[in-house]
């Protein structure tokens, strides 16, 4: 199955933190164009990943893991932001649910949140270099309370409907390169 999953590469040389926070809207355009090129009119789930959050794994190794297993959650002992489950609500992954249209502006949201949230919580931003695109028809939504507390209900948790073939839920992978 993994060999049939397409990987699209997008060059974003200006998507870096060399001069501070990037222009999220500008770096988002090429990714949004790529999403329109391959997924126009489709409802999709988009999961972002920063490879440097996975020590010892290259971007290509992570993509191979995703293509083989269906997810970047390859280590059940791994702990991290939105990696562990919240309270008693099990979910396989967090992702954005979107419908791709001519006016879609999606990647700036991921770029911004991966920059701002980790910077605030851990002291450093995360550069997204892998986007996994899932078929929402093959996933089931799981709601949970943010940080395990009552209050804001999060709707970005999902489980695979077919846990024995998670890779079948992948529509494509976008690899973001800087050079």
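The values are calculated or read from the model by the stated rules, or taken from the named source; none is laboratory data. Quick caveat: nothing in here was measured; it's all calculated off a predicted structure. Glycine also receives a Cβ, built like all others from the backbone with ideal geometry; neighbour counts cover every protein chain displayed.
Miscellaneous remarks
- For residue 128, the conditions (1) over 20 Å from residue 168 (Cα atoms); (2) modelled with pLDDT under 95; (3) touching a strand residue (DSSP E or B) at 6+ places or on another chain (Cβ under 6 Å); (4) not in a helix (DSSP H, G or I) all hold with the exception of (2).
- Scanning region 83-123 for residues that are modelled with pLDDT of 90 or more, in a loop (DSSP other than H, G, I, E, B) and in contact with a strand residue (DSSP E or B) (Cβ under 9 Å, 6 or more places away or on another chain) yields 95, 100, 104, 106.
- Test: residue in region 141-150 that is surrounded by fewer than 19 Cβ atoms within 10 Å (Cβ to Cβ), more than 13 Å from residue 47 (Cβ to Cβ) and modelled with pLDDT of 90 or more: yes
Matching residues to (1) surrounded by fewer than 17 Cβ atoms within 10 Å (Cβ to Cβ); (2) over 29 Å from residue 122 (Cα atoms); (3) without any contact (Cβ under 8 Å) to a residue 60 or more places away in the chain; (4) more than 15 Å from the chain's Cα centre (by Cα):
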{"residue": "14", "(1), (2), (3), (4)": "yes, no, yes, yes"}
{"residue": "18", "(1), (2), (3), (4)": "yes, no, yes, yes"}
{"residue": "21", "(1), (2), (3), (4)": "yes, no, no, yes"}
{"residue": "42", "(1), (2), (3), (4)": "yes, yes, no, yes"}
{"residue": "49", "(1), (2), (3), (4)": "no, no, no, no"}
{"residue": "52", "(1), (2), (3), (4)": "yes, no, no, no"}
{"residue": "70", "(1), (2), (3), (4)": "no, no, no, no"}
